[in-house]
Each structure stands twice: as C-alpha cells, then as structure tokens.
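Here is the structure we will look at, set down as structure tokens.
The values are calculated or read from the model by the stated rules, or taken from the named source; none is laboratory data. Only a predicted model underlies this, so the values are computations on that prediction, with no experimental measurement involved. Here the Cβ positions follow ideal geometry from the backbone for every residue, glycine too, while neighbour counts run over all protein chains shown.
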C-alpha cells in the first residue's frame, strides 16, 4: 500500500475538489439532464483515472509540476460546461475549493510528524476524515451564502472576488504548494498557515456580507408581500362597503318594487307577484349584512365569511360584542379577521366528515383590549415554525405573518395552536 499511497491521496484530493465545487455551485446530479449528466460523470471519472495512472508512472515531484494542467484545467472545463454559468464564477469556486483543502493538509502534516507509525493507512484515513469534515462544514455553514453570491452577483464582481483566492493560490504556489519537501518545512508550514488564516478571515467577511444581503432581500420580499396583504384587505373592505351601499339603494327603491308587485296583484297575476317577491327577497338577503354587533365593518366582514362558510359546507358560528368605533384602523381590523377566517374556513372545508366541518369566532373588548378568538377543525399534519403555522404551498403563509405583524405593531399578543384536530388562533391587542 505504501507504493500507491500518493495515488490514494491524489484521488482523495480530486474527489474533495469535485464535491466541494458541486456544493459551492449548487450542482446536483438529479438536476443535470441528458448528455450533460453523462459528460459530467464520464469527465470526472476520466480525470480520476488519468491522474491515478500518471501518479503511479511518474515520480511524485514531476507529477506535481503537471498537477494544475492535468487536474485543475480539465475540471474547470467540466464544471463550466455542466453548470452553464460564467467562467469567472467557476474559477472562483475552483480556487475556493483549493483554499478549503488546506486544513486537511494540515491534519496530514501533523499526523505524519507526530504519529509516523500510522503510515500509510492511518495517514490516509486521517486525510479522508479531515476532507469529510470540511465538506460537512461547507454544506452546513458556507453553501447557502456562497450560492447566493453565485446566483446574484455579476461577472465583474467576481473578477474582484477572485483576487482573494487567486492571491492565496499564487502565494502558496510560490511557497511550494505542490512540493512535498518544502511543504513540510516548519517555516513554510507556519507561513502557509498564516496566509490561510488571513484569507479565511476575508472569506468570512465576504460571506457575512452576502448573508446580510440575502436576509435583507428576504425581509424586503416579506415586507412587500405583507403590504400587498394589507392592500388586499383594504380592497376587500371597499367591496364590502360598496355592497352595503347597494343595500341602501335597494331599500330606497323598495317603493318601486312594491308598486310592481301591487300591479301584478291588481291584475290577478298571483304567480308573477309571488315569483317577484321571492326574487327580491333573495337579492336583499345577498346584499344585506347580518348584524352581529355594533361595529358595521365587523358586521360586513363576518357576513361575507358566513356566506363563504355556507358555500363550503362549513358550520360557522359567531359571538361578536364590539363597539361601533375601535381605535385600530379598519384596514388592519379587516386584515386580522379576513386572514384568520379565510384560513379557518379553508381548513375546515377540507375535512372528509361533513359533520366535522366547523369554524367559530369570538371577538370582544375587555379591559381596554381587543380579543379575537378563532377556532376551526382541520385534518392532516400542520407544521409550525417559530410559533407560526407553515404553508406547504408556494406564495402562501403571508396571511399568518400579516396578523403577527399587526399584533406586534400594537405591542399585542398572538398565538397559533394545533391540538388534536382543532386549530386555535388567539389575538390580544391593546386599544
């Protein structure tokens, strides 16, 4: 095994570089289609095979002089063609992979100096273990922010970013990066370690900036979505108010309807009169909100969702005791009630047992607080994260965040709880 030990080290290094670049460029075998997948697999296998053969045939020092040409160059082209991204980004990922292998080299150097009796199997095992740990660190700590850099930064930006790993690469090449004899010298080892620490610090700063930009972008997206939610609530409230105005107009025109009915009766056409009365009654019921409490806005919203619940076969019960005027804005009140009730009725309607399709709401004021309680039946599993229910559908879940945002704005309290097959929402807002 001692004779082929350098070949095992080289193969491990190449495999590490391939895996590291796949993580950094977010390349997944399952996402590579057709001939590109074949090219990626066969190309990397050929690189491994050719370098294994060369490392067995050529003296180590002579082979290491060819390392850049027989490893880095072909792997660059394989990833460039496969990833379908700019060459400069692939170069940045390649140089970064070369930079990140250094801790494994440090482990190998320390083991070779302090535990020579482990040669060669122990050396190889320690090197493989170090490479595996580094790949785990890349996956857990670096991958997300590095992928953000790759996807959101332009080519010119990467030209500047590449100066960092390129400077590290050139400095180490000058210090004997591919020369085992000088690599083990104490002075060179210390200098390379210092250069690594300095470069690592710069990388941490760059990735931290990327993390901040990514989080800021995500927060901006949530803010826009929540603003759209409030705008939607305002539009919904306007539509409900328009319905109320329509009811007023209908009542104003009632004398005309009564005159027409009287005409049918005078002519003895009872059937037409009866038909018209039923039609008028249905129209009035459709546009007339139920009176649950003194607050007209709340009555409009609850009436609207009572109709939705009836349409979806959900038994809907209301206990509302709210004054005519509340200090919370009508738009925010509409957002709270509409989002809560929309989710409740939608979830209850999914129940297979029709007798289990239930939703109820209680809203009142108590000791200067607005209390909202919504309870509904649901089926299936419900994922919770940071106290908020998570929607599995893309583009959903902002209604819950909107309610939480409004509660936080008023320094209030909110809770979402799923127990058994009953989901409960509680909101307390100081008025």
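Looking only at residues in the range 348-386 that are surrounded by fewer than 11 Cβ atoms within 10 Å (Cβ to Cβ) and part of a loop (DSSP other than H, G, I, E, B), which one is modelled with the lowest pLDDT? This residue is 386. Given the criterion in contact (Cβ under 8 Å) with a residue 40 or more places away in the chain, in contact with a helix residue (DSSP H, G or I) (Cβ under 9 Å, 6 or more places away or on another chain) and buried (at least 16 other Cβ atoms within 10 Å of the Cβ), identify the matching residue among 10, 4. Testing whether each residue is in contact (Cβ under 8 Å) with a residue 40 or more places away in the chain, in contact with a helix residue (DSSP H, G or I) (Cβ under 9 Å, 6 or more places away or on another chain) and buried (at least 16 other Cβ atoms within 10 Å of the Cβ) leaves just 10. Every condition in (1) over 21 Å from residue 291 (Cα atoms); (2) in contact with a strand residue (DSSP E or B) (Cβ under 8 Å, 6 or more places away or on another chain) is met by residue 360 except one, and the failing one is (1).
Let me confirm something: among 73, 90, 42, 57, which residue is under 28 Å from residue 161 (Cβ atoms) and surrounded by fewer than 16 Cβ atoms within 10 Å (Cβ to Cβ)? Lay out the reasoning, then the answer.
Values: 90 fails: surrounded by fewer than 16 Cβ atoms within 10 Å (Cβ to Cβ); 42 fails: under 28 Å from residue 161 (Cβ atoms); 57 fails: under 28 Å from residue 161 (Cβ atoms).
Residue meeting the stated conditions: 73.
The set of residues in the range 175-192 being surrounded by 14 or more Cβ atoms within 10 Å (Cβ to Cβ) and modelled with pLDDT of 75 or more consists of 191, 192.
Residues checked against (1) assigned by TED's automatic domain parsing to the domain that holds residue 6; (2) farther than 21 Å from residue 68 by Cα; (3) out of contact with any helix residue (DSSP H, G or I) (no Cβ under 7 Å at 6 or more places or on another chain):
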residue: 103; (1), (2), (3): yes, no, no
residue: 112; (1), (2), (3): yes, yes, no
residue: 129; (1), (2), (3): yes, yes, yes
residue: 136; (1), (2), (3): yes, yes, yes
residue: 141; (1), (2), (3): yes, yes, yes
residue: 145; (1), (2), (3): yes, yes, no
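Of everything in the range 311-326, what is out of contact with any helix residue (DSSP H, G or I) (no Cβ under 8 Å at 6 or more places or on another chain), assigned to a loop (DSSP other than H, G, I, E, B) and at pLDDT 85 or above? Give them in sequence order. Of everything in the range 311-326, just one residue is out of contact with any helix residue (DSSP H, G or I) (no Cβ under 8 Å at 6 or more places or on another chain), assigned to a loop (DSSP other than H, G, I, E, B) and at pLDDT 85 or above, namely 323. Screening residue 82 on (1) in contact (Cβ under 8 Å) with a residue 24 or more places away in the chain; (2) within 20 Å of residue 142 (Cβ to Cβ); (3) within 28 Å of the chain's Cα centre (by Cα) shows it passes everything except condition (2).
Based on what the data block shows, is residue 162 modelled with pLDDT of 85 or more, under 38 Å from the mean Cα position of the chain (by Cα) and surrounded by 18 or more Cβ atoms within 10 Å (Cβ to Cβ)? Spelling it out, it is not the case that residue 162 is modelled with pLDDT of 85 or more, under 38 Å from the mean Cα position of the chain (by Cα) and surrounded by 18 or more Cβ atoms within 10 Å (Cβ to Cβ). Being assigned to a strand (DSSP E or B) and surrounded by 15 or more Cβ atoms within 10 Å (Cβ to Cβ) is a description that does not apply to residue 333.
In this structure, residue 136 does not satisfy being surrounded by fewer than 19 Cβ atoms within 10 Å (Cβ to Cβ) and under 18 Å from residue 172 (Cβ atoms). Scanning the range 42-69 for residues that are modelled with pLDDT of 90 or more and within 18 Å of residue 90 (Cα to Cα) yields 43, 44, 47.
Consider residue 56 carefully, then state whether it is farther than 23 Å from residue 146 by Cβ, assigned to a helix (DSSP H, G or I), free of Cβ contacts under 8 Å to residues at least 40 places away in the same chain and over 30 Å from the mean Cα position of the chain (by Cα). I'd like the intermediate steps shown before the answer.
Working: farther than 23 Å from residue 146 by Cβ: yes; assigned to a helix (DSSP H, G or I): yes; free of Cβ contacts under 8 Å to residues at least 40 places away in the same chain: no; over 30 Å from the mean Cα position of the chain (by Cα): yes.
Judged against the criteria, residue 56 is not a match.
Any residue at all in the range 32-42 that's within 23 Å of residue 153 (Cα to Cα), in a loop (DSSP other than H, G, I, E, B) and touching a residue at least 24 places away in the same chain (Cβ under 8 Å)? Within the range 32-42, one or more residues are within 23 Å of residue 153 (Cα to Cα), in a loop (DSSP other than H, G, I, E, B) and touching a residue at least 24 places away in the same chain (Cβ under 8 Å). If you go through the range 280-301 and keep only what is closer than 23 Å to residue 409 by Cβ and either at pLDDT 85 or above or not in a helix (DSSP H, G or I) (or both), you end up with just 295.
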